[in-house]
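Take a look at the structure below.
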Amino acid sequence: MYIILVGGGKVGRGAARDLIEMGHEVCVVERDGNTAWAINNELGEVALLGDGAEIHVQRAAGMNRADVVVACTGRDQANLAVAQTAQTRFNVAKVIARINDPRNEPIFQTLGFHYTISATTAIVNAIEQEVSAGLTRLTQMRSTAFVLAEHVIPSLAPCVGCTVRDLDLPPHTVLALIIRKDDEPEIPGPNTMIHAADVIVAVTQPEHESALRLALTGEH
Amino acid sequence: MRVVIMGCGRLGSTLARELDHEGHDVTVIDIDAAAFNWLEDDFTGITMIGAGEDVEVQQAAGVPEADVFLALANGDNRNAMAVQVAKHIHRSPRVVARIYDPERADVYRQLGINVVNPTTILDQMVREAAFAIDEPDGAAG
């Protein structure tokens, strides 16, 4: 595939390194001369010097034949501009946008960019998982209001020994999978018994995550 | 009318002063406090320091209640993002963006944004000034 990365910072350069390794054709558009030089020095002649939000630079990068465009600069307004021109002007099939400030997520979503990467949100989620016992958010499901979350049942949880039917689950929540040590993954039914150390994968909505955690682990 | 202007440079400050004198409620946002020096002392509107494309700065500046939002900062990317945040998040009824790049201006027009493109306007005016005015019989070129 031909992949254009706009922005040659840590994210763009790291992605370029991996994508070249995987055998893809890669172009990194970078507006800082020293950074572009350093990329060419490390990865071969893959960097194009220029402002990747400018359409004439995008044309020079061959955006009309790109399979994927990744807008990964450190500025959200530039990433939005790149994503919108890639889609509107060059009909790129897959556009991925990096979001630096999580408060900008709604505008990217509203404008139809569902393939977004937000390092800040990922780090904040990771910290929240470490702080809040028992719940790990696995992924925000694309273009829906649902998240996939994983829970490990503590040995002293009130639900140990109960069946799924007895659980006080919040609305819009489904237990999708139970994984037990040394056992096959199982799709839980109403009569499935919950054991200590069970790993439960559930689909829920972000606003019900705390209620789900309470139901499964007994912890607020 | 309630008008929020992002960017207090030559254009933003000129419009802000004119609209203020005409009796409109004007709020001007700029990332640089020094930009407000462009406004004269008799400006009675509100000045706010902040990034005008920021959803919360717009909220604080009253974009949700404003009749018009004008993005007149220097960067095309920032102006384009700001008007789209105003239009799609704050449901601003009327937004205008200054976009210098004619090609990008076309892209945003296609996306339903009111765009003013100084480059094509000036291009036309320079042509007229250079070639048309002194040629009464219209033999331009």
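Details
- Cα-based shape type of the range B:6-70, given that a ≥ b ≥ c are square roots of the gyration tensor eigenvalues and the cut on a/c is 1.5: oblate
- Estimated Rh, the range B:34-141: Kirkwood, alpha-carbon pairs, angstrom: 15.9 Å
- Under 5 Å from the amide H of A:THR192 lie the amide H atoms of A:VAL164, A:ARG165, each residue being 5 or more positions distant or on a separate chain, with H modelled from the backbone and absent for Pro and chain starts.
- Placed amide H near A:ALA47: partners under 5 Å, 5+ positions off or other chain: A:VAL28, A:ASN40
- Value in Å of the Kirkwood radius, where the range A:99-220 supplies the Cα pairs that are averaged: 15.4 Å
- Chain B - share of DSSP beta bridges that are antiparallel (%, nearest 5): 0 percent
- In the range A:18-145, the alpha-carbon atoms span a convex hull of 137 Å³ per residue.
- Across the range A:145-159, computed HN-Hα scalar couplings (Karplus, 6.51 cos²θ - 1.76 cosθ + 1.60, θ = phi - 60°) run 8, 9, 10, 9, 10, 10, 10, 9, 6, x, 5, 9, 5, x, 7 Hz from first to last residue, x flagging Gly and Pro.
- Mean partner shielding of peptide A:72-85, defined as the number of other chain Cβ atoms within 10 Å of each residue Cβ, is 5.
- Comparing B:GLY62, B:GLY52, B:GLY112 in a Gaussian network model of chain B where C-alpha atoms under 10 Å apart are linked, the largest mean-square fluctuation is found at B:GLY112.
- Dipole size of the range B:23-141 about its Cα centre, with +1 on Lys/Arg Cβ and -1 on Asp/Glu Cβ: approximately 560 debye, rounded to the nearest 20.
- Here the 3J(HN,Hα) profile of the range A:49-64, calculated from phi with Karplus coefficients 6.51, -1.76 and 1.60 at θ = phi - 60°, is 7, x, 7, x, 8, 7, 5, 5, 6, 4, 5, 4, 6, x, 5, 5 Hz, Gly and Pro shown as x.
- For the range B:37-44, the Karplus equation 6.51 cos²θ - 1.76 cosθ + 1.60, evaluated at θ = phi - 60°, returns couplings of 5, 5, 7, 7, 4, 7, 5, 9 Hz by residue, with Gly and Pro reported as x.
- On Cα atoms only, tilt of A:76-88 relative to the major axis of chain A in degrees: 80 degrees
- Long-range amide H partners of A:SER118 with built H, under 5 Å: A:ILE99
- Across all directions, the shadow cast by the convex hull of chain A built on its C-alpha atoms averages 14.4 square nanometres.
- Remark: mean inter-chain Cβ contacts per residue of B:67-76 equal 1, using a 10 Å Cβ-Cβ cutoff to other protein chain atoms.
Laboratory data are not the source of any read-out in this text; all were calculated from the coordinates shown. Keep in mind that this is a model prediction, so the values were computed, not measured. Please note: Cβ atoms are built from the backbone with ideal geometry, for glycine as well, and neighbour counts cover all protein chains shown.
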